[in-house]
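Have a look at the structure below before the remarks.
The values are calculated or read from the model by the stated rules, or taken from the named source; none is laboratory data. Nothing here was measured: the structure is a model prediction, and the numbers come from that model. Methodologically, a virtual Cβ is constructed for each residue, glycine included, from the backbone with ideal geometry; neighbour enumeration extends over all protein chains shown.
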Amino acid sequence: MWGINIAFLLVGFACKRDLNMNYKTKFQWTLSISAPRNYPVETKYVSLGYGSDGEEYPIMNSYSDAGIAVTKGKVSFEQLEDTEGLDIPNSINALWLSYTESKIYEVHTKFSDTLQQKILQLLRDGYYDAYDKKHTTYKDFSITMLPGGKIWLYLEGATRNVLICDTIHAHPVEMSLEDFAKDAPLVANSVKDYSEGCLTKEQSENLKVNGIPYELWDKYNERYNYDIQCIFENKNSKLDSLSIVWHFINGEFNYACDGIKEEEQARLKQFYMDWEVGDKTYSGEFYFDEQEILDAFPKVFNGIERRKRGNLTVYTSKYNNKFDISLNVGEKRILLSRTRILVFCQKTDQPPSSAKIIYDNHRDINPEDIKFIGE
């Protein structure tokens, strides 16, 4: 009888927690900005508005080129973050300089009711953090500024990052260099000269070679109806679900064990996974080739195949030394043969530092040097 009462009590607590989340309107959150690695920006001001009285959450760092959805310079304002949290964002205000375009962009816009409801629902639903073995929610809003004045807005958590809006557009404005940055005239005579002088050597070289591929980010953001599956020839292989991390070309990422099923996903950019065979642990790193992954998806997802569910399949050989990666939809199959693969092996009872490389299909390429043009 006591056991039954305790069980009902625990269920009651769980239901109360879910009920509280369903009605929650305030959350702890911070704000950060980002921009593509090759297409940096400098901001004059950026803030998200929230609440009904015109409150704003500002960002303090003024330069960004860390990459799409790569957060740096995140600032926490204790006076804004009490124990109750903040209302969800309902507007964005920003003015920034795109160095590669030598253009200043400005946006002051209120979020649609649909977007606000989406944000609220995502924060309430959260996701499962398998590492901490608890249900949690997102903690950070990230604003990525793209060439052409495009803005991508993300919600980020420790083990999950999701693009929630890709339709916000800023407009170019005419502004003197001094009005944008009062000390800038000390080093340049115009916005163009200032912008060119702020680019690194690598960014300038990329601009000469690739220009500003405005349509590239549209491709990055395309979504397809597919699953990712890992198949092992050795049936004794045990995949570690806590280790599988998917990184997508549009800046999203998630752990496979977070309990959220996505109907459509952007193209995969890279992923990591661990698996055990007997007393050995294998760790694989897989980095896709940008052009190959861009070309493959529209080739298999076309015509009547566009509506079918596909699979990106990773097949591991019996001895963990051969890998077959393919994109499959219906009868169509494309091998992703230019994928850079690196595999480490260690005794399961030994520390990760003891791991040794057992497979490397591109020894001439350092994984850290694998960069996408618009990332």
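The table below gives the values:
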quantity: Of residues in region 234-257 being small (Gly, Ala, Ser) and touching a residue at least 40 places away in the same chain (Cβ under 8 Å), the one surrounded by the most Cβ atoms within 10 Å (Cβ to Cβ); calculated: Gly251
quantity: Criterion: crowded, with 16+ Cβ neighbours inside 10 Å, among the acidic types (Asp, Glu), at pLDDT 95 or above and part of a loop (DSSP other than H, G, I, E, B) - qualifying residue of Glu101, Glu106; calculated: Glu101
quantity: Enumeration of residues in region 153-183 that are among the acidic types (Asp, Glu) and buried (at least 19 other Cβ atoms within 10 Å of the Cβ); calculated: Glu156
quantity: Any hit, region 218-235, residues being in a helix (DSSP H, G or I) and among the charged types (D, E, K, R); calculated: yes
quantity: Contacts under 6 angstrom Cβ, first residue in region 40-59 being closer than 22 Å to Val191 by Cβ, partner assigned to a strand (DSSP E or B) and of a type in the set (S, T, N, Q), 6 or more apart; calculated: Val41/Ser64; Val41/Ser98
quantity: Single match in Arg124, Arg17 (criterion: at pLDDT 95 or above, farther than 26 Å from Tyr214 by Cβ and surrounded by fewer than 21 Cβ atoms within 10 Å (Cβ to Cβ)); calculated: Arg124
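Let's see how each residue does on (1) assigned to a loop (DSSP other than H, G, I, E, B); (2) among the aromatic types (Phe, Trp, Tyr); (3) more than 22 Å from Asp227 (Cβ to Cβ):
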residue	(1), (2), (3)
Gly284	no, no, no
Asp295	no, no, no
Pro298	no, no, no
Glu305	no, no, no
Asn311	no, no, no
Tyr319	yes, yes, yes
Arg333	no, no, no
Val343	no, no, yes
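Conditions tested, residue by residue: (1) polar (S, T, N, Q); (2) more than 23 Å from Lys280 (Cα to Cα); (3) surrounded by fewer than 16 Cβ atoms within 10 Å (Cβ to Cβ).
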site: Val300; (1), (2), (3): no, yes, no
site: Arg309; (1), (2), (3): no, yes, yes
site: Val314; (1), (2), (3): no, no, no
site: Asn321; (1), (2), (3): yes, no, yes
site: Thr339; (1), (2), (3): yes, yes, no
